[in-house]
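For reference, the structure discussed in these notes is given below.
Just so it is clear, none of the values below were taken in a lab; they were calculated from the coordinates. Remember, it's a predicted structure, so these values are computed and weren't measured experimentally. In this analysis, Cβ positions are derived from the backbone assuming ideal geometry, glycine residues included, and neighbour counts consider all displayed protein chains.
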Amino acid sequence: MQVNWFKYAAPANFFPLAGKIYPWFYVFAALLAVAGMYIGFFVAPTDFQQGEAYRIIFIHVPAAWMSMFLYLVMAFYASLGFIFNTRLSSMMARAIAPTGAMFTFLALWTGSMWGRPMWGAYWVWDARLTSELILFFLYIGFMALQAAIDDPRRGDKAGGVLALVGAINVPIIYFSVKWWNTLHQGSSINLTRAPSMASIMLWGMLLMALSFWMYSIAVILSRVQCVIAERERRAAWLQHIEPHTT
Amino acid sequence: MPKGTDLLQLNKLACVKGERLLFSGLSCEIPSGSLVRVTGANGAGKTSLLRMIAGLSEPAAGEIVWKSQNTRLSRSEFLQDILYLGHASAIKDELLPAENLMANCTIQGEAFSAPEVHAVLEELGMGERLDVESLSLSAGQRRRIALARVWLTHRPLWLLDEPFNALDVKSVEQLCLQISYHVGEGGICLYTTHQPVDIVSNRQLTIPLDAFCQPAKAQSDPSVLNGLIL
Amino acid sequence: MSPAIQNQSSSFAMAIALLRRDLLLVYRRRSDSVTVLVFFSIVVSLFPLGVGADPTMLRLIGGGVVWVAALLSAMLSLPRLFSSDFADGTLEQLVLSPQPLALTVGIKCLAHWLATGIPLALMAPLLGLQFGLDSDALWVLSLGVLMGTPILSLIGAVGTALTLGLRGGNLLVALLVLPLNIPVLILGAGAVDAAQSGLGAGAHLSLLGALLIMTLIGAPFAAASALRISLD
Amino acid sequence: MHWNSLEAFFAMGGYAFFVWSSLGVTLIAMVLEIWILQSQRKQLKLPRSTVSQDHGNV
């Protein structure tokens, strides 16, 4: 049975599909989260150096991964929608942005919560935390631009250009911040040497990352339904009030 | 002056503004030497059609063919054949009328010498205002500076969006004469206007946009809505 | 040959005409450039009032302060790039010019840089003196600003093109463009820091140059498509 | 089982505030996001349940 996948490229066909599958991803997310938290908080041993505080990495690191991963996925969908004029990909980019911004915020919050016990300061100008902060500004910029443009077609394309330019700049920003950090800070505070990675901890983080991923898919599919419905409603409604002049 | 073989073809053009389907399925052939008036109610998409032909905005569907070439593919050749004048008269307040006109023409790819420009400006009654910055000119005078290109250009295809706005009676007459001369020489002129004007031309066409905008049809047939808007 | 071809102005003539008109406009609106410079010097002299006048500390933060002020001043002058043309309809004619739109955008950025970048680069060493920077640090500061401001203009062009005609546009441009200008700030301020500590600013300035070339290649095309989107 | 008592688990080796607040913020953020989404869906009259989507085509 040859499935014509392209029919799902049309928003109207993708809408019911998204509706059917997004609840399942909530379930997967919950299961993985339970497993991940169990490993992170019950199985993983105490770190000889940081005591119990290090358990925050089971939230911080997956959230940081997700924030960067979702930005790249958003940039991919936005530029796809811009280049090939496929409206569904631009709608996906619109749906991804808020979740990505939330994970960036979580990474920043948990990063500072972890920084306080380890280095005595809520905010540490570490290369990765600073790049995370800049990534947060990029997300806010993307959402602010799309909110400021009423015409959805222009908003999609403008978002596409901005996300593409942003994605090209993310590595540049990361390396310049990393260089800036090593110059000023020297290597006294070095987040890169993570606590000795017992394999059990790695498993904990991977499970939490997968759980966050499932959660993102569920939220994004649900939000894309809202975006499609909202646009379809405006389109259908506007047609009724055509200027019947002649 | 423009050759006699130029042909402008519009194939099944459709225009969407935001989520509104302004018109769809607009097809017509405009041979050289024809004067085309685009009519329709406010908001029916007259300006959108002219902007779409000029290439400023992309049609939701359909294509524009000039000299049997899709204008989006042969963009720079097409741009060398058209003269587009929008609502705004593209005049910089700080520049003198002649500076404005010379800069606009050269940037559009048609250089003219200073005497030519001054001659046209004088002809349009701007003679004594030449050394005054455009800031202190009236709307009608600024409009005449923008329209002066109509007297200078040798380009075959004109797209004039409400050219008669803010013009006094004498200027309207002068413009009508110039357009009928251009069309008589085998040029094409698409224009929109709200005031009745009589331009002499042996091949007159009108594009009634209201005829191409059937909301009922778009509504009943979701594929049109889907394909174009969603 | 039909007369239409005879009047054809070459692509070079189109570019020169555009540059000439923009520089003429800058000359006629001289006060705008002066306000940018005054803003630049006010922002720089605010810092000693804020953080105190201890010379050793001022020497330390001098490069960074002047660079942040240069960034903000460049941001202030961005609307002059497209917004006035968008308002009076000139931008539509520019988009309909036969020459490639990326080249047109590049020329507009060149004119904007000549009007704001160079004055900022000339003014920067003067303000650096307030912070007690020594001569080679001032030299590196000026060179850095000279190389950095074109990047600010080019990335600013993308920002203003995206937000043409939007309400609250200027604030939105700053929100979009400042994060993208952070590498320029880091490299520029880092160059001054390196020059002061005797390490030599060669590395920073060459990286800034590389960033400039990359932006020169990419930004005009991004700004051109952003313009087409905004004018659609 | 790593922890010898419930209190030790909640004390989290003295870092209770940091660990539980970051966990709490994460939970609150996710619940908030889902709640905002569901209210949007209700406002757009989209079906919430996982029952098959018989949503009328456009």
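Miscellaneous remarks
- Fraction of the pair-distance distribution of region B:89-153 above 14 Å, Cα-Cα pairs, percent: 48 percent
- Exposure proxy for B:Cys176, C:Cys109, B:Cys28: other Cβ atoms within 10 Å of each Cβ, ordered fewest to most, give B:Cys28, B:Cys176, C:Cys109.
- Per-residue average of Cβ from other chains inside 10 Å of D:3-9: 1
- Tilt relative to chain B, helix B:97-107 - C-alpha long axis, 0 to 90 degrees, to 10: 50 degrees
- Region A:1-136 shape via C-alpha gyration tensor axes, a/c threshold 1.5: oblate
- Shape index of chain C: Rg/Rh, with Rg the Cα radius of gyration and Rh the Kirkwood radius from the inverse mean 1/r over Cα pairs, equals 1.03.
- Rounded to the nearest 10 degrees, the inclination of helix A:87-119 to the longest alpha-carbon principal axis of chain A is 20 degrees.
- By the count of other C-beta atoms within 10 Å, a proxy for reagent exposure, B:Leu8, A:Leu32, C:Leu187 are ordered fewest to most as A:Leu32, B:Leu8, C:Leu187.
- Counting Cβ atoms of other protein chains within 10 Å of each Cβ in A:50-57 and taking the mean gives 6.
- MRE, 222 nm, helices only [DSSP H, n ≥ 4, -39500 (n - 2.57), over chain B, to nearest 500]: -10000 deg cm²/dmol
- Relative packing of peptides B:193-200, A:200-207 - highest average C-beta neighbours within 10 Å first: A:200-207, B:193-200
- Selection from C:Ser9, C:Phe86, C:Ser41 lying farthest towards where the dipole of region C:1-91 points positive, charges on Cβ: C:Ser9
- Cα pair count fraction exceeding 24 Å, expressed as % - region A:19-237: 49 percent
- Expressed in Å, the radius of gyration and Dmax of the Cα atoms of the protein assembly as shown are 30.6, 101.
- Angstrom value of the Kirkwood radius, inverse mean 1/r, which spans all Cα pairs in region B:1-102: 15.3 Å
- As a proxy for reagent exposure, ranking B:His154, B:His87 by other Cβ atoms within 10 Å from fewest up yields B:His87, B:His154.
- Note on region C:46-147: the alpha carbon radius of gyration divided by the globular reference 2.2 N^0.38 Å gives 1.40.
- Take each residue of peptide A:146-158, count the partner chain Cβ atoms within 10 Å of its Cβ, and average: the result is 5.
- Of all lysines in the structure, the ones whose alpha carbon falls short of 22 Å from that of B:Lys92, not counting any fewer than 8 places away in one chain, are C:Lys108.
- For chain A, the longest principal axis of the alpha carbon atoms and the long axis of helix A:127-148 meet at an angle near 20°.
- Amide proton proximity set for B:Leu83, modelled H, under 5 Å, gap of 5+: B:Leu157, B:Trp158, B:Leu159
- Electrostatic dipole magnitude of the protein assembly as shown [Cβ: Lys, Arg +1; Asp, Glu -1; Cα centre; debye, to 20]: 1420 debye
- The mean sequence separation of alpha-carbon pairs under 8 Å and at least six residues apart, normalised by the residue count of chain C, gives a relative contact order of 25 percent.
- Prolate/oblate/rounded label for chain B (Cα gyration tensor, a/c 1.5): prolate
- Of all the options A:Ala147, A:Ala107, A:Ala218, the one that moves most in a Gaussian network model of chain A with Cα springs shorter than 10 angstrom is A:Ala147.
- Cα-projected label distance for C:Leu49 with B:Cys28, points at 7 Å along beta-carbon direction, nm: 6.5 nm
- Bridging of A:Lys20 to lysines at a Cα separation below 25 Å is possible for A:Lys7, D:Lys42, D:Lys45, once same-chain residues fewer than 8 apart are set aside.
- Convex hull volume per residue in cubic angstrom - Cα atoms of region C:4-63: 109 Å³
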